[in-house]
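In what follows, a single structure is set out as structure tokens and then discussed.
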Amino acid sequence: MTPEELQTLLAHDDAYAESAVVPPIYQTSLFTFASYEEMEGAFAGLGMTPRPMYSRMNNPTGMALEAKLAALEGGEAARAFGSGMAAISTAVLSRLRAGDRIVCIRNVYPGTFRLFTQLFPRFAIETVFVDGRDPLAVAEALPGARLLYLESPTSHVFQLQDLQVLGDLAREHGVFTILDNSWATPIFQRPLEHGIDMVVHSASKYLGGHSDVVAGVAVGRRVDIDRLNQLEMVVLGGKLAAFEAFLLMRSLRTLPARMRQHQASALKLARRLEEHPLVEAVFHPGLESHPQHDLAHRYFSGTSSLFSIRLPDAPRVVKRFVNSLELFRLGVSWGGHESLVFPAMLGFLEPGDRNPYHIFDIPQGLIRLYVGLEATEDLWRDLQQALTLAWRAQEEVEGT
Ligand SMILES: *Cc1c(COP(=O)(O)O)cnc(C)c1O
């Protein structure tokens, strides 16, 4: 689907009941049957996108959203969930059994890291972490594995993977691939077109776009989505509420427009930050200075607005910068209208090798910035004044 086709698909729906232009919110737990025969038919097709029966399994508002999300990612089917982690855990569990091994890229989202390293070992599922930038390292880890788990770009340090190469390698070894596409959104990256089997998202981020929904989605082939619908989805029960499905439908209308604004604003700020003497590095896949800029060109038709900068490795400097910001507010998550800042060192507080920040060598001075929908020049003024104050803190550090 071309970007133009996507844009029209999101803005336009064939009419719903009563010719409404917006899907109704089906705030109901169950749907009744007219006869024994109809009920029998529904049970016979359980999990196969049948007519709705119970809202843990299917709800028409959610189904409208799922149809849109499947088309957006270029998949045959989609499943919406009550959070990104529900989507990830359910999708991953639908491929695994005791004794299996996952190959996962380093610097994966911390929640996914905890799932793989803290919960799965209880069920004898082991995870090997590899450098996703290195196809040879991935190839070496694949024999005997069940699942290759990707996230491109990775969390915090924004390293990319060559989707086509890794997808092909996995297929040669009979290994299923799942990729977390939350950062790029299907507006800027469509992994299913590059040999990836299933895409997952935290819809709490750009897809929701207004910091008022926690949701997730898995998209892939009909057979793979049916498979998780038939068992893992139903028994784990991480369903999305009808109202939140409605909110997401509303958000998707403006996704292409929002992403264009996020892209332009973030690139402008990232380029200026690169020139600032206090900023040691900027990690943004859209910059020519990104070591994998060629891969970014190949897989992204645009770049989003979450990136990070490295300040000097001094807590005083990081603190002064973060505390001086006025428009960028301190917070987790991203993807909404408001700009946010997250100092990675706060993720170091949980000690030991169970902490992804320890095993993945994230620099102490790393600060994640999320560029929202405020005016770019207002955001730049905010960053500039905070950097000036952080600079003074750096001089104090050097003076002592
Ligand atoms: C936030 C996030 C998740 C988890 O999603 P939730 O909706 O918070 O459960 C997964 N992957 C990435 C890349 C994220 O940023």
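Which residue fluctuates the most in the chain, going by a Gaussian network model with Cα springs under 10 Å, if the choices are Leu269, Leu119, Leu160? Largest GNM mean-square fluctuation: Leu119.
Accessible surface for the chain, divided over its residues, is 43 Å² per residue with a 1.4 Å probe. For Trp391, the solvent-accessible surface with a 1.4 Å probe is about 100 Å², rounded to the nearest 10. Between Gly41, Gly238, Gly209, the GNM of the chain built on Cα springs shorter than 10 angstrom shows Gly41 fluctuating the most. Among the chymotrypsin sites (Phe, Trp or Tyr not before Pro) within region 1-35, which fall in a DSSP loop and have no more than 16 other Cβ atoms within 10 Å of their own Cβ? Here the chymotrypsin sites (Phe, Trp or Tyr not before Pro) that fit, given the DSSP loop and packing criteria, are Tyr16, Phe31, Phe33.
Ligands, DNA and RNA left out, the 1.4 Å accessible surface of region 247-291 is 51% carbon and sulfur atoms.
Taking 0.36 nm per residue of sequence separation and removing the Cα-Cα distance, the Gln27/Phe123 pair yields an extension gain of 30.9 nm.
Mean-square fluctuations from a GNM of the chain, with a 10 angstrom spring cutoff on Cα atoms, peak among Tyr54, Tyr299, Tyr109 at Tyr54.
Sorting Lys268, Lys205, Lys319 on solvent-accessible area from highest to lowest, probe radius 1.4 Å, gives Lys319, Lys268, Lys205.
Sort Val21, Val234 by heavy-atom solvent-accessible area, probe 1.4 angstrom, most to least.
Sorted descending by solvent-accessible area, the residues read Val21, Val234.
Surface composition of region 113-220: carbon plus sulfur atoms hold 53% of the accessible area, using a 1.4 angstrom probe and ignoring ligands, DNA and RNA.
Order His156, His358 by their accessible area, 1.4 angstrom probe, all chains in place, largest first.
On the way: His156 10, His358 85 Å².
Reading off the accessible areas and sorting them downward yields His358, His156.
Take the Cα of Asp131, step 7 Å toward its Cβ, do the same at Glu280, and the gap between the two points is 1.9 nm.
In this structure, the amide hydrogen of Asp197, modeled 1.01 Å from its nitrogen in the peptide plane, lies closer than 5 angstrom to those of Thr177, counting only residues at least 5 positions away or on a different chain.
The values are calculated or read from the model by the stated rules, or taken from the named source; none is laboratory data. Because the structure is a prediction, the values reported are computed rather than measured. In this analysis, Cβ positions are derived from the backbone assuming ideal geometry, glycine residues included, and neighbour counts consider all displayed protein chains. Remember, those area values only see protein heavy atoms, side chains included, never the ligands or the DNA or RNA. Shrake-Rupley method; radii C 1.70, N 1.55, O 1.52, S 1.80 Å.
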